[in-house]
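Enquirer: Let me give you the structure first, and then I'll get to my questions.
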Amino acid sequence: MTEESYVAGSGWDDGGGPGSLRQTTSQRVALAIRRLIFEGELPAGERIRQEELAEQLGVSRVPIREAIIALDREGWLRIEAHRGAYVNGLDENSVRDHYELIGLFHSFAARRVIERNADVASLEPLNRAVQEATDPDEFWRANTAFFQGLVAAGRSSRLSAVGRLMSGTLIPNNYFVEIPEARPAQKAVVQKLYDAIVRGDADGAERILVRTYRRAAEAAVELFAERGLITKDPGR
């Protein structure tokens, strides 16, 4: 097993995990709204009151509007013309697709790193940091850095751009706090993935990532279902 990111929910670059430093105001607002939904303070069907939310978060309405647009794309909210934005429930298909798409993306990145004979020396200290991390927040950051490093090793601005497009995190809190049993499993995953890349085994790297993200998807579905955030009918 492995939110969004950055396996299992952490976001790309600074998608809202512990220690994020480079978020824009709208990204911080989006994370705050996700947390309000995740914690049940904004239930499914509730209308987003922009002025109240801006006052609560201490920001102007501009980042509120930007965050709402981003969360509509992610499926957390739905924007209805002339009516406003409302909280959506998440359906199982969307949650599973979110994680499996990230797994496929990283599989593609790993394959490109291998095919291009990239210098993977930069991944060694990143892997070591993952293996040595003990605190959940430290582990989140190390795990995120490893996958950022993997994509960067592919030497492609397009890979980096796609990574940023996939920045939405479903679990707004630290995945490894919400699902603590995932941490030791993730350490093993990163080590196996690093070993596969070093020996040039693209197919092996893909198997590891596809299997890992499918398990992460199931864990996320279970977590969201426990919190009453999963809707019965898939789609928008």
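The values are calculated or read from the model by the stated rules, or taken from the named source; none is laboratory data. Every value quoted in this text rests on a predicted model; they were computed, and no experiment measured them. Here the Cβ is made from the backbone with ideal geometry for all residues, glycine too, and neighbour counts use every protein chain on show. Just so you know, the surface numbers come from the protein's heavy atoms only, side chains and all, with ligands and any DNA or RNA stripped out. Shrake-Rupley method; radii C 1.70, N 1.55, O 1.52, S 1.80 Å.
Enquirer: Quick one: what are the phi-derived ³J(HN,Hα) couplings along region 57-64, Karplus 6.51/-1.76/1.60 with θ = phi - 60°, whole Hz, x for glycine and proline?
Expert: So the J values, rounded to whole Hz, are 8, x, 10, 7, 6, 4, x, 5.
Enquirer: Here are labelled values, (1) 59, 39, 29; (2) 58, 47, 31; (3) 55, 33, 32, and one is the computed Cα extents along the principal axes in Å for what I pasted. Which one?
Expert: Label (3) holds the value from this structure.
Enquirer: Using a 1.4 Å probe, what is the accessible area per residue for the chain, in Å²?
Expert: Per-residue accessible area for the chain comes out at 48 Å².
Enquirer: Can you tell me the length gained on complete extension of the stretch Thr24 to Asn93, counting 0.36 nm per residue apart and subtracting the Cα distance?
Expert: Extra length from Thr24 to Asn93 when fully extended: 21.9 nm.
Enquirer: Next question, about the same structure. If packing is taken as the average number of other Cβ atoms within 10 Å across a peptide's residues, how do 108-119, 183-194 rank, most packed first?
Expert: 183-194, 108-119
Enquirer: Mind running the shape call on region 122-163? Use the C-alpha gyration tensor, a ≥ b ≥ c as the square roots of the eigenvalues: rounded below 1.5 for a/c, prolate if a/b tops b/c, oblate otherwise.
Expert: Note, shape of region 122-163 comes out oblate.
Enquirer: Suppose R0 equals 22 Å; then what is the FRET efficiency for Thr231 and Tyr86 from their Cβ-Cβ distance, rounded to the nearest 0.05?
Expert: FRET efficiency, Thr231 to Tyr86: 0.95.
Enquirer: For the full complex of protein chains and a 1.4 angstrom probe, list His82, His98, His106 by accessible area with the highest value first.
Expert: Descending order: His82, His98, His106.
Enquirer: Using 7 Å Cα-to-Cβ label points, what is the Arg49/Glu181 separation (nm, one decimal)?
Expert: Between Arg49 and Glu181, the simple spin-label model gives 4.1 nm.
Enquirer: For the pair Arg207/Gln191, report the inter-label distance in nm, with labels modelled 7 Å from Cα in the Cβ direction.
Expert: Reported label-point gap for Arg207 and Gln191 is 1.9 nm.
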